[in-house]
Amino acid sequence: MDALSEDLELLPETRRALRHRIAVAQSEGRAPSVVAAVVRGGEVVWEGSRTSVEGHGPDGNVQYRIGSITKTFTAVLVLRLRDEGLLGLSDPLEKHLPGTGVGEVTVAQLLSHAGGLAAETPGAWWERSPAALRPELADVLGDEPFKHSPGSRFHYSNPGYTLLGSLVEALRGKPWEDVLRAEVLEPLGLNRTSGRPQAPHAGGWAVHPWADVMMPEPVEDLGLMAAAGQLWSTTADLARFADFLLRGDERVLSAATVREMRTPVAPPEPGAADSGYGLGVQLATNGGRRLVGHGGSLPGFVAGLWLSEADDLAAVVLANCTSGLPPTAVAMDLLRIVADAEPRLPEPWRPSGEADRVPLELTGPWYWGTSPHVLRLRYDGSLELGPVGATGRTARFRAEPDGTWTGLTGYYAGETLRAVRRADGSVSHLDLASFVFTREPYDAQAPVPGGVDPQGWRGIG
């Protein structure tokens, strides 16, 4: 066994704790079956299941319906269109999909559930009724599609993702599922993810809330609503998809774009300060950890996929019950168990191979007013600027061909950092988004906004 495999392999005590957690979830949630997996470093390091039928425990190859995790797949397709230059996130829907009656909503607002559209379709409960009742987008949207002004707040909308699926079809000229298979499922090797169930698959069940009995749930094809919740998948496929959401894959989306997906766009709902939404993914804070993922449910099934970038961990939980077992809570617990018991080993320190591209004279202490900061050269050639001995606006910067740097993270994301030099070539100061960083606090030789008192520093007297 190589060193990498040893680092990924979980300890027996950790594996026992994971088995215990899903056993409790299946028992207390009264689920006919539950299957789960944990991913670390891009590898499945644990998988397990519990079932009410002895000897028939599901494995990572058994399909379950994943409900709204489908939305994350749809978001990937939309961002592919953006990266190809076929649309912009700020484009109004009307530019690419005219005639919907809600065309002022932007693509970004639809992706982040900030378009103000209704949560559900008018008429019968769409998850449990024939798609033939909603043959056109007008049937999905209804006569009063808006519940809020576009862009004013987060309001989860299933019809919004139906519009995104139709947008994909309009720009690709093919059915949503065909585009998904060709552009995402096949490149990532997700061969057990499909719009319709493929054996072996679990059956969906409704468990009586006050009696230990159950009945089968109907399986409806969602029609136009497919982009919001149609898919079936397995823990093995979703584990691979979770790793893609962490690292990207140039055949589908770059690492930069999946990072963009994980960035907060819509604010949380009132009273839910620990949550939010990016571009097709839910955001949450649990036990001090920033988590990204999505939950899903359709009659007979619940699902959860969550990941922690800081811990390089992901967890997937699938169950075949309409309610009772909370998949998101269980998945987050699986992440916590591994992260707490076996913290991620830090990456080995290594010297930079880019030192010749960054003048070392720029590194070291700088002052924003009287606040000390330090600028570091990282091994990958990026710069990191942050306060000394305090929390604050830490950010990384990418080198540009013209000698400036562009912010990648935090408050300064997208902002330009430049070194301003004197006539003799020496560095006067750093300029960042109108802020002047100097080598000494309020350096009188630098153009500090507002100027510096000519008497300089002095005591009281």
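Only residues of region 413-447 count here: report those whose backbone N is under 20 Å from the spot 7 Å along Cα→Cβ of E384, or say none.
From region 413-447, the list is 413-418.
Could you please report the charge total around S33, scoring K, R as +1 and D, E as -1 over all other residues with beta-carbon less than 12 angstrom from its beta-carbon? Don't skip to the end; give the middle numbers.
Details: positive: R30, R50; negative: E54, D59.
Here the charged neighbours net out to 0.
Quick one: check the C-alpha center-to-center distance for region 430-461 versus region 285-330, whole angstrom.
Between the Cα centres of region 430-461 and region 285-330 lies a distance of 50 Å.
Which angle from 0 to 90°, rounded to the nearest 10, does the C-alpha axis of helix 327-341 make with the longest principal axis of the chain?
So the helix axis and the longest Cα principal axis differ by about 50 degrees.
For N191, put the label point 7 Å out on the Cα→Cβ axis and report which residues of region 55-75 keep their amide N under 18 Å from it.
Correct set: 59-64.
Multiply the residue gap between A399 and A170 by 0.36 nm, knock off their C-alpha separation, and tell me the result in nm, one decimal place.
On the way: separation 229, 0.36 × 229 = 82.44 nm, distance 3.79 nm.
Result: 78.7 nm gained on full extension.
What is region 139-220's relative contact order, in percent, from Cα pairs under 8 angstrom and six or more apart in sequence? Don't skip to the answer; put the middle values down first.
Details: 31 pairs, mean separation 10.3, N = 82.
Relative contact order for region 139-220 comes out at 13 percent.
Hey, rough spin-label estimate for A23 and D249, points 7 angstrom out along Cα→Cβ, what's it come to in nanometres?
Label at A23, label at D249, 3.5 nm between them.
So how do 208-216, 304-312, 13-21 stack up, highest first, on mean other-Cβ count within 10 Å?
Values: 208-216: 9.4, 304-312: 22.2, 13-21: 16.3.
So the order, starting with the most tightly packed, is 304-312, 13-21, 208-216.
Evaluate E = 1/(1 + (r/R0)^6) for D424 and V374, where r is the Cβ-Cβ distance and R0 equals 25 Å; express this FRET efficiency to the nearest 0.05. Let's see the in-between values first.
Working: r = 25 Å, r/R0 = 1.00.
The value I calculate is 0.50.
Select from G123, G142, Q109 the residue farthest towards the positive end of the dipole of region 101-151; place +1 on Cβ of Lys and Arg, -1 on Cβ of Asp and Glu, and compute about the Cα centre.
Positive-end residue among those listed: Q109.
Do you know the relative contact order of the chain, to the nearest whole percent, from alpha carbon pairs under 8 angstrom that are 6+ apart? Could the numbers behind the result be given before it?
Working: 961 pairs, mean separation 71.0, N = 461.
Relative contact order for the chain comes out at 15 percent.
Roughly speaking, what is the centre-to-centre gap between region 87-166 and region 380-426 when only Cα atoms are used, to the nearest Å?
Taking the Cα centre of each part, region 87-166 and region 380-426 sit 40 Å apart.
Any aspartates and glutamates with Cα under 14 Å of the K174 Cα? List them, leaving off those in the same chain fewer than 8 positions away.
E183
Rule-based calculations on the coordinates, nothing more; no lab input. Because the structure is predicted, anything quoted here is derived from the model rather than measured. Neighbour counts are summed over all protein chains in view; Cβ atoms, including those assigned to glycine, are modelled from backbone coordinates with ideal geometry.
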